[in-house]
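Right, one structure below, let's go through it.
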Amino acid sequence: MQPIPLRMVGLLGVVTWVSILLGCGGPEPPSREDSPSPEPVSPPQLIYENITLTEAKPDGSILWRLQARLAEYAAAEDNDNRTEVRLGSAHLQLIEGELFDTNNRAIRTRAERGSVYPSERRLELTGQVQVESERDNLRLQAEQVEWLPEERLLQANGQVQIELLDRRGSLRGERLVIDFGRDQMELQNLNPEQPIQAEYQDPRLELTATRLLWQIASGEVQALGKVTVYAPEQALRLKGERLLTQVPFTELRLLENVTGQAEKTGQEIEAQEILWRIGSTQLQARGNVRYRQPGQTLTISGNQALLDWQTNTAQVRGNSQTQFTLP
């Protein structure tokens, strides 16, 4: 039995070679007792160099268009162990190209490796993956990215970092889901005790939270669970269970068991809600307000308060009470 080389020509004119064994006349095969156990033979593979892969739906809308330095297809075997050349899933190397959502919006991407699964309408990219969407002002880097165009979902895992293209902010976490159908992005860590991190410039803000939701189209941002905010220029620290704001950041609203501390004056305040206009030297507090003046053993309680660390003053209103703390 001799291997006969079969010349396979790629769809884009790239040539590869495979060998298929064909039966032919010859000596009688040895008896079953004398025959060695046959070794499993892997089906042949088709290898394409410098290939462009385009995946489209029956209506002609494109799901992705990728250029790869190398694409490797495995040929399939039917029930009679006959090898068939059938292009399906493929493993890729050195990839760059574009992903398209149902609105035909292009999202640029590049990666070291990847796999395409046309029957599942799924694309998986790995190894220093970068995704960029100018429309959404986002650049994403991660260890692994999965694109599900029909569900309009992009999922990223492993050292996820998001940068705004205008260089005004960045986010870091471990798992990201972008739902282009709802124009929503969700970032979190696999370990809920390990907070995600965010930074914003002009003015500079540092934020940590358990989970972050961003409505991309409207710019609304919601941070949940053990939220902390630090504004180094104002030396202000805020903590709470939920934060509401909007990009570009102009105002922060923290809710549920909120605390605020002005480091320069040592003033501290607790409330159910704190509102801070970014860059201002004042905080507005509402609901179960408790204010402590540094250097004094007293706490002032009320329903509303206005704290000003530039003038080192605080106004507490509504059923105000003064409590002394004895040594």
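No lab work stands behind these numbers, since they all come straight from the coordinates. All values derive from a computational prediction rather than experimental measurement. Cβ coordinates were reconstructed from backbone atoms using ideal geometry, including for glycine residues, and neighbour counts include every protein chain displayed.
Things to note:
- Projected label points at residue 251 and residue 315, each 7 Å from Cα along the beta carbon direction, are separated by 1.7 nanometres.
- Note on residue 263 and residue 132: with the Förster distance fixed at 35 Å, the Cβ-Cβ geometry gives a FRET efficiency of about 0.40.
- Annotation: extensible slack from residue 52 through residue 120 equals 22.6 nm (criterion: 0.36 nm per residue apart, minus Cα-Cα distance).
- On the basis of the beta-carbon distance and an R0 of 35 Å, residue 94 and residue 201 show a calculated FRET efficiency of 0.55.
- Cross-link reach is defined here as a Cα-Cα straight distance under 26 Å, omitting same-chain residues fewer than 8 places apart; for residue 57 none of the lysines meet it.
- Ignoring lysines fewer than eight residues from residue 239 along the same chain, the ones with Cα atoms less than 16 angstrom from its Cα are 226.
- A Förster radius of 25 Å, combined with the Cβ-Cβ distance separating residue 184 from residue 293, puts the computed FRET efficiency at roughly 0.05.
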